[in-house]
Amino acid sequence: MNRLFAVLEALVLSGVILCAFLIWFDARVSIPAWLQVAGRLHPLILHFPIVFVVLWALAEIFGIPGLRDAQTRDNWFKYLRAITAVLLVYTSLFGLILSLEPGYEKSTALLRHQWSGMALSLLAVFVMFGMGRLSLKAGRIISVAGLILVMITGHFGAGLTHGSQFLTAPLQKSRTDMSAFDIETALVFEYLIKPVLEQKCISCHNDEKIKGELRMLTVVQLQQGGASGPAVVPGVPDQSLLIQRLHLPLEHDEHMPPKGKPQPRDREIALLEAWIKAGLPEGKITELSEEDPFKIWLLEQGFLSTAKEAYAFKPAPASAIQKLDNENRVIRPLYASSPALQVNFFNSNMFKGEMIAEMKDIAEQIVAIDFSKMPLTDEHVSHLKAFKNLEKITANFTQITGAGLVHLKDLEQLKYLAVSGTGIRLEDLEPLKELPALKTIYLWNTPAASALRGGSALSWQGVLMETGFEDPGDTLKLTPPVFVNKEVFYTDTVELQLKHPIPGVEIRISSGEQPPDSSSELYQKGRIIRDHQIIKARAFKEGWHQSDVSSKFFINAGHRADTIWLETQEPDTRFRAEGIRTISDRFKSDNDFLNGMWVGYREVPMVVVYKFKEDIRFSSLVIDHLIRFGTHIFPPEKVEIFTGSAPSQLSLVYDVKPAQPGGWGPTESKPLILRFDEQKAKVIKVVIHPLSKLPSWHNKKGEKGWVFVDEIVIH
Amino acid sequence: MDKEFLDFGLNINRRKFLSRLSVGMGSVALGSLLIPDFFSRKGGEEALHAGLNVPHFAPKAKRVIYLFQNGAPSQLESFDYKPRLREMMGQELPESIRMGQRLTGMTSEQASFPLIGSYYDFKQYGNSQAWVSDLFPHMAKIVDELCIIRSMHTEAINHDPALTFFQTGAQQGNRPSMGAWLSYGLGSENSNLPAFCVLLSRGRGNGQGVYSKLWTNGFLDSVHQGVQFSSGEDPVLYLNNPTGLDKKLRRQMLDKLSELNHLTLSEFGDPEIATRISQYEMAYKMQTAVPDVTDLSKEPDDIIKMYGPECLVPGSYAANCLLARKLSESGVRFVQIYHQGWDQHGNLPNEMAGQARDVDQASAALIMDLKQRGLLDETLVIWGGEFGRTNYCQGRFQADNYGRDHHPRCFSVWMAGGGVKPGIVYGETDEFGYNIVKDPVHVHDFHATMLHLLGMNHERLVFKHLGRRYRLTDVHGNVVNDILKT
């Protein structure tokens, strides 16, 4: 054990000697590269002695729990003190090596850190060699002194790496807080230039850490420069080291900020260049002269705005705004801190003229007001006279006329007036001619716009008359009318409901094979349908081409049987759907044959029997079926109807072979409407035969076809 | 069930619990760690979560209409003119251009990457002399209103992540979308309509789906979610009162229901209940506002001629453009249109012509329509997809029938109105249309710029969730100052 202690003693002594050597010869020593690595370990290993000093102090004050035997305790203390001393001495040594690297000029902060660190180390060395002879009380006092020295040294050291303001920065008001910034008092350097330097340069070039002997905190310091010369040359960015270093390739040794550190954006470099080029202007931003090249540059680049930021008037009292603001009259400031207000009216049925007059208390602050589509009359407009600061009035599609515009003739701030879709004529604009701020009048869809297009000129200097879309004169085709009725099947009667989105359109209808033309029946509300019908409809309007035809089936759902059953079952179970329910649910399926709403037959005919309690009269039968050639789904080959008074005594009363298609066509569902002489019966049997042989034009000619049925109606 | 309620109650009471616990110095410090506004007077975080409802600074635009071209239209057949590709038709994409950059699984196995020029010709238009392909004759006519950005780039290479990234600023799909952020930041102008509406349409081209996660509120309150309008005859379903229930009765019913919901809210404190209460109110208000907005009968014939008669067909892109204008005019902050069908991996010349026909006239009409009403200055209109398409051919090489794969390294979008410089072309790609050589605009930059135009600092529009403050631009984004009107 004593041997180990001897080694520690030797280490400490050699460390102290090396430290003394470095302090004595200082900058005259040159540090080899491998030792520089050791120096750079300083910020890492410094944490070990901190821990050991704290442990040592705790042990001195509270003792080491569990150690009663004095001999053991002394031994523990001996080694604890020795290790603490070794760590402290070598951390100091590494720190001294680091301080000799370029970039760590001997600033006050560095010297404070150095000497407090040395004091701490020497204290520990003293304790290591002399503590055995000290009293318990003295030991405690010395260890507390060590603890305080650790804090002081640590604080100075942290100041070197993080900056002296690091610790207290969160307590100080943040400078980047935009809301606290006031353009009126902002200084050029402090507000525009320094923030860039602060983010990218000042962490190494400040009063504590003066790399390259350069400080960058003030304009004067920049001009004084560092080891290589002035950082900025007023008026000549190309010769300013600051700019040169920024533009060197990133890999270059002299590039600043060094590789790996955050680099300034192009825009920030451009800002610095413009500032140097303009000769380092100082003072308040607002006091830069209009000719100052830097100010012009700032405006061009959008750093400053030419827009009148502040309005001369005071904000309206919040209570007055709150009282008036509601869902029909929305009042908002232009932005968070702006005194100017904008007003938007919504919900035309809630609009009243008084709603304008009510705003008289905040009239001064209102700069924009939107009445679009409100029933605004000239009388309402007369209230706007009091709104002296109005810059934009939007009154599209209102009832405003020339008599209303007269009331606006004293609104000296008015820049934009939108009266599209009103009856405003060219001569109505005359009273506004003298408005000094007027920029644009929006006149689309007004008599004034037509007059302007027709060649009438208005010689108003600097006012744009926006006439909007001009009808190129080509005739367009109308879209087909839309059936409002959604159901195909109805009971008794149904009212035909058709609509078209374009006002003034005539809808003409026909119910046969012929599409409607301009002489066909004119659709009118209340048109009743009683029978099975296909209605075709077409839209007509002056100045437009007639539309394509839209069409729709209407099927009278007819009689509901008391009992229905299927006498046959298709062997292929996939297409049985819900059988009877499917064909009598009066629900029109879509054209997807796999959706489970179609009943399909191929191997056997479909046989449906209807039984009624009383005799019924009927003269038509409708079978809604599917056509889908690709999957062999065709119209039925033959339909037979048998009637009688009981299922066992039926006789054929009607049969028909529907026409088969002559070639490929799209998938569609179609009602097959069969009409015949009126019949009377209690029991009706319908037999639907699928196509026995696909026609010759089909690629599977000769095979059996399918018949798919959605609905059967007896009427 | 009871256990879950209990857990939930404990959860929401954690803050209260900790703030009551603050007796000793240590717990005060702990409390202020967990509740940053503990010492502040106004309860900054609460104010933060309530949204702003007012812009940070003077806005250029009040509203946005986003014409999203879903599936990624080819920039090489629309706005990024590359004659070199025609000259080098069929030659291999030089490795010095591609630089080993990743490809999708759809073409990475291809043996060769032959360059292919646009099947369609380009011409210069307007005072800005911007190049526009023959596929977009109407947009070409209004090119002096547009700011065409040819240097957009994104991070994702497949549709879903790219779409999600564009809409939410993150690829994973758990963040609020642009419209939700806007609703949160600016609030609704017209309380009778949602602040964020979504309209869908579909072209005949090869399509990619859209999902409701693209208009999600993410971790923001559910009231900020986009309201999807139906593509059918009635944009909003079930607006009418059921038979036998008049307006007064409905009001009474809603009032009672609201009382009950408030009771439940006070018991469980679930914010979703508060949302539900406000959604019932919104639905009631929409009963009057929506028919007003969707009624076309008051539109002059000129309008139908501008947008094209297609605008009368419900659910078409043109109809949605017209509806978007009407919604925007009525104070909807963000109208998000999706037109699907722009994913031309093959059959590009043919399919893209169809897609262009769908959108060209109506997109241009929307700009003109806003302009003639004096609304273009306050409405930002954006047109574009989620990424670009490759300069080389996907699949069989044929000069008149080819495909292009996904390309996130450059694509074109345009903006109009709302404080954007009109009649400019921003950014540049190399002569192969593969890499950006000047003024790149990342999706985050695009978001930052959009928020800036709306008067919001993208670094200050934040919401605290799961212990950190989130932004639409995450920790990125620079405003593209060069395209802002001064």
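The values are calculated or read from the model by the stated rules, or taken from the named source; none is laboratory data. As the structure is a computational prediction, the values presented were derived from the model and not from experiment. Ideal geometry is used to build each Cβ from the backbone, glycine not excepted, and the neighbour counts take in all protein chains shown. Just so you know, the surface numbers come from the protein's heavy atoms only, side chains and all, with ligands and any DNA or RNA stripped out. Shrake-Rupley method; radii C 1.70, N 1.55, O 1.52, S 1.80 Å.
Could we say that A:PHE303 is more than 12 Å from chain B (Cβ to nearest Cβ) and either more than 30 Å from B:THR294 (Cβ to Cβ) or at pLDDT below 90 (or both) here? The answer is no for A:PHE303. Report yes if some residue within region A:610-622 is touching a Leu at 6+ places or on another chain (Cβ under 9 Å), open to solvent by less than 30 Å² (accessible area, probe 1.4 Å) and more than 30 Å from A:SER696 (Cα to Cα); otherwise report no. Yes: region A:610-622 contains one or more residues that are touching a Leu at 6+ places or on another chain (Cβ under 9 Å), open to solvent by less than 30 Å² (accessible area, probe 1.4 Å) and more than 30 Å from A:SER696 (Cα to Cα).
Would you list the strands (runs of 3 or more DSSP E) that sit entirely within region B:367-453 and hold 1 or more residues that are crowded, with 24+ Cβ neighbours inside 10 Å and in contact (Cβ under 8 Å) with a residue 12 or more places away in the chain?
Working: elements: B:379-384, B:411-416, B:424-426, B:436-438.
Filter on region B:367-453 gives B:379-384, B:411-416.
Condition first: open to solvent by 20 Å² or more (accessible area, probe 1.4 Å) and either touching a residue at least 40 places away in the same chain (Cβ under 8 Å) or within 14 Å of chain B (Cβ to nearest Cβ) (or both). Now tell me which residues in region A:497-524 satisfy that. Matches in region A:497-524: A:GLN497, A:LYS499, A:HIS500, A:PRO501, A:PRO503, A:GLY504, A:VAL505, A:TYR523.
When B:GLN340 is tested against (1) farther than 26 Å from A:LEU443 by Cα; (2) open to solvent by 10 Å² or more (accessible area, probe 1.4 Å); (3) out of contact with any Lys or Arg (no Cβ under 8 Å at 6 or more places or on another chain), only condition (3) is not met. You will find that of A:GLU542, A:GLU567, A:GLU578, A:GLU603, the residue that is surrounded by fewer than 18 Cβ atoms within 10 Å (Cβ to Cβ), charged (D, E, K, R) and farther than 27 Å from A:TRP706 by Cα is A:GLU542 and no other. The set of residues in region A:354-378 being within 26 Å of B:PRO300 (Cα to Cα) and more than 14 Å from every other protein chain (Cβ to nearest Cβ) consists of A:LEU376, A:THR377, A:ASP378. Residues of region B:186-203 include none that is open to solvent by 30 Å² or more (accessible area, probe 1.4 Å), within 25 Å of B:VAL381 (Cβ to Cβ), of a type outside the set (Gly, Ala, Ser) and touching a helix residue (DSSP H, G or I) at 6+ places or on another chain (Cβ under 8 Å). Within region B:218-235, residues that are closer than 15 Å to B:LEU327 by Cα and assigned to a loop (DSSP other than H, G, I, E, B) have Cβ atoms under 6 Å from residues that are open to solvent by 30 Å² or more (accessible area, probe 1.4 Å) and among the hydrophobic types (A, V, I, L, M, F, W, C) in these pairs: B:SER230/B:LEU237, counting only partners at least 6 apart in sequence or on another chain.
Residues that are within 17 Å of B:ASN53 (Cβ to Cβ) and within 14 Å of another protein chain (Cβ to nearest Cβ): does region B:195-202 have at least one?
Taking region B:195-202 first, the residues within 17 Å of B:ASN53 (Cβ to Cβ) are B:195-196.
Right, trim to within 14 Å of another protein chain (Cβ to nearest Cβ) and you get B:195.
So far as region B:195-202 goes, yes, one or more of its residues are within 17 Å of B:ASN53 (Cβ to Cβ) and within 14 Å of another protein chain (Cβ to nearest Cβ).
When region A:260-281 is filtered for residues that are of a type outside the set (A, V, I, L, M) and under 26 Å from B:VAL480 (Cα atoms), the ones remaining, listed by number, are A:GLY260, A:LYS261, A:PRO262, A:GLN263, A:PRO264, A:ARG265, A:ASP266, A:ARG267, A:GLU268, A:GLU273, A:TRP275, A:LYS277.
Does any residue of region B:442-460 turn out to be among the hydrophobic types (A, V, I, L, M, F, W, C), within 12 Å of chain A (Cβ to nearest Cβ), out of contact with any Asp or Glu (no Cβ under 9 Å at 6 or more places or on another chain) and under 22 Å from B:ARG333 (Cβ atoms)?
Scanning region B:442-460 turns up at least one residue that is among the hydrophobic types (A, V, I, L, M, F, W, C), within 12 Å of chain A (Cβ to nearest Cβ), out of contact with any Asp or Glu (no Cβ under 9 Å at 6 or more places or on another chain) and under 22 Å from B:ARG333 (Cβ atoms).
For region A:638-646, the count of residues that are without any contact (Cβ under 8 Å) to a residue 60 or more places away in the chain, touching a Lys or Arg at 6+ places or on another chain (Cβ under 7 Å) and farther than 25 Å from A:PHE554 by Cα is nonzero. Every condition in (1) open to solvent by 60 Å² or more (accessible area, probe 1.4 Å); (2) of a type outside the set (Gly, Ala, Ser); (3) out of contact with any Gly (no Cβ under 8 Å at 6 or more places or on another chain) holds for A:LEU411 except the one numbered (1). The residues on offer are B:GLN69, B:GLN124, and the sole one that is surrounded by fewer than 21 Cβ atoms within 10 Å (Cβ to Cβ) and either of a type outside the set (Phe, Trp, Tyr) or outside the structural domain of B:GLY207 (by TED's automatic domain parsing) (or both) is B:GLN124.
The residue that is modelled with the highest pLDDT, counting only those in region A:477-496 that are exposed (fewer than 14 other Cβ atoms within 10 Å of the Cβ) and within 12 Å of chain B (Cβ to nearest Cβ), is A:VAL484. Of everything listed in (1) open to solvent by 10 Å² or more (accessible area, probe 1.4 Å); (2) touching a His at 6+ places or on another chain (Cβ under 8 Å); (3) assigned to a helix (DSSP H, G or I), the single unmet condition for B:GLN208 is (3).
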